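Q: Sending over a structure as structure tokens; questions will come in a sec.
The values are calculated or read from the model by the stated rules, or taken from the named source; none is laboratory data. The structure presented is a predicted model; accordingly, all values stated were derived computationally and were not measured. Cβ sites come from the backbone with ideal geometry, for glycine too, and all protein chains shown count toward neighbours. In case anyone asks, the SASA skips ligands and DNA or RNA and just uses the protein heavy atoms, side chains included. Shrake-Rupley method; radii C 1.70, N 1.55, O 1.52, S 1.80 Å.
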Amino acid sequence: MVTMITPRITMSRMHFGFNFLLRLLVLVLVFAVAGTANGNQQISSNGGANGKHSSSAAGTLTITPDEELAHFVNQSRIASCGHSNPDTKLRWRTPKNAVIEEKRGRVHIERKDNALLLIFEKIERSDQGNWTCEVVGPNKTNGGTPSSTPPPPLQKSFKMIVYEPISFRDTSNVQTAVEDKDATIRCEVKGHPEPSVSWYFNGQPLYFAHNGRYSKLADGMSIKKVTQNDTGEYTCKAFQISTTGSSFEEKTIRLNIKHKPYLPKWKPSVVDAYGYVHGMVNLTCEAAAEPAANFTWYAGGKKLTPKSHTIHYGQHVSMLQISIKTSSSFGKYKCEAKNELGSVSQEINLKEGTKPDPPSLFQLRGVNSDTLDIDVGATKSHDIPPDPTTVIGYRFELMPTEEYSRTRSWDHASRRDFDVADGATYLLVQLIPDTKYLIRVAARNAAGLSDWTEVKEFSTHPLQPHGTSGGTVVSPVMVAPLWTLLCLVLVAPTMMLAITPHHVDHQQQQRHH
């Protein structure tokens, strides 16, 4: 067909046409190869831009953990990042997108096998956020020339949520306030999520909306014009609720109200005391204060010192012990209690009284294995007010005879004090069974103690087995005198003769009816 159509075409023209077609075919093949290469490069870039999944050419990136993670501050944690191609270079970024390069420290990286580890030695609140592991991609194209738009790196992230447990900062267990001034009770509660706080006073809830004196503060609570009634225990209770659970903590704070010294309400500012020559008397001064008051004693306008007088100090109390050698010891004494907020004083008028007589009666009324019942003939005065000479009580001293025989001294004797009561006997309890005791007694009135009675020896009973009557206090009322028993023996037949006929008649009447 070609030969028939082109018989007149010369060979030169045929050669030119063949060359043109050959060149055209080469150009088509070149453009086709270039287009294929460009298409493959675009697919690879798209696969590398995917942060969760990579193409088969880019490989697979995995992290552990791969989801939201919750921790408390100060805990530790390790996150791992790996790639299917062990030669792939990896790196970690902080929530602020900063690359982590530290190989040691609180937050650092370490390489182990084919993984890049992110290590938190001590988690802080600032660590909350997204932590990202990514593949470090090439900075040049395959052709070796710089790329104007490098593909985004292959990356994966996990979210760290940091919880802070409840803590009480700068919260002292004991706090103070000044009377008649506004007070602040500090209870600074920290935590994340932020805790809610409620308050209790001596175990009872405080309702701030219904009491204008109380107000909640960011770091505690306040009370307007505190009084001594505000002294007590305040409990700060904190509740924390989160998506992963809840927690509860509390802190109890003792609030002390600073105030000037106060005398006891029941005690007048001027009191009378009594003593006698060659006797001893204790003058007592009490004053409640916060902080505790310092006590000073005066006599005749002169300050008394521990060098010249015996002075004892205790919590909110002081005692001046006076050995009365002459009548010059009688007179007015003054006690002053003072602290940084004020002072208060009390006057004591020491008067001459009468030394009481020792008890005229001293006998044993009953005994068992651990108790002695002693009668001293007590009679109570009903005078109003009682006469200063009236006996108002008794003091017993007792010690085992065996112990006294070793020491020959009453210095370590047991002392029991009792108030007087009409016809009362006095029980010396908690004694040792089957033991001999030496006992003496002195009477007491407003001026002091009498001389001691003579020393008597009494013995407790042996300890009786359980269920016997030996453990009861035996009293003379329970033991009939011998003559009473004889009378009963003599009188009983006569009583029987007198009673029996009536009894028989009564029985006969019952039978008759």
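Q: Within region 362-380, find all residues whose amide N lies under 17 Å from a label point positioned 7 Å from the Cα of Trp452 along Cα-to-beta-carbon.
A: What the label zone holds, given the 17 Å backbone N cut-off, is 362-363.
Q: Further question on the same structure: So if we plug the beta-carbon distance of Thr326 and Tyr298 into 1/(1 + (r/R0)^6) with R0 = 25 Å, what FRET efficiency do we get, rounded to 0.05?
A: 0.80
Q: If you don't mind, there's one more thing I want to ask. What's the Kirkwood radius of region 230-324 in Å, using all Cα pairs? The partial results should precede the final answer.
A: Numbers: mean 1/r = 0.0569 Å⁻¹.
Computed over region 230-324, the radius equals 17.6 Å.
Q: If you don't mind, another one. I need the peptides 439-446, 426-433 ranked by packing, meaning the mean over residues of other C-beta atoms within 10 angstrom, with the highest value on top.
A: Ranking, from highest mean packing down: 439-446, 426-433.
Q: Next up: Starting from 0.36 nm per residue, how many nanometres of slack lie between Arg406 and Val277 once their C-alpha separation is accounted for?
A: Additional length available on full extension: 43.1 nm.
Q: Express the accessible area of region 186-266 per residue in Å², computed with a 1.4 Å probe while the remaining protein chains stay in the model. Don't skip to the end; give the middle numbers.
A: Values: 4780 Å² over 81 residues.
Using a 1.4 Å probe on heavy atoms only, each residue of region 186-266 averages 59 Å².
Q: Let me know the Rg and Dmax you get for region 297-406 when you use only its Cα atoms, in Å.
A: Rg and Dmax of region 297-406, Cα atoms, are 20.4, 57 Å.
Q: Using 7 Å Cα-to-Cβ label points, what is the Ser247/Thr379 separation (nm, one decimal)?
A: 7.6
Q: Whenever you get a sec, compute what percent of the accessible area on region 281-361 sits on carbon and sulfur atoms (1.4 Å probe).
A: It is 45 percent, rounded to a whole number.
Q: Report the rotationally averaged projected area of region 183-269 based on its alpha-carbon convex hull, in square nanometres.
A: Values: hull surface 29.2 nm².
Over every viewing direction, the Cα hull of region 183-269 projects on average to 7.3 nm².
Q: Glu347 versus Ser459, label points 7 Å from Cα toward the beta carbon: distance in nm?
A: The modelled label-to-label distance comes out at 6.0 nm.
Q: Here is a further query. Sorted from largest down, what three extents in whole angstroms do the Cα atoms of region 272-311 have along their principal axes?
A: 38, 21, 17
Q: So, in nm, how far is label Asn74 from label Glu188 when the simple model puts each one 7 Å beyond its Cα toward the Cβ?
A: About 1.7 nm, to one decimal.
Q: Once the principal axes of the Cα atoms of region 365-468 are found, what is the range along each, listed largest first in whole angstroms?
A: 49, 37, 17
Q: Now a separate question. Average projected area of the Cα convex hull of region 211-258, in nm²?
A: The number I arrive at for region 211-258 is 4.4 nm².
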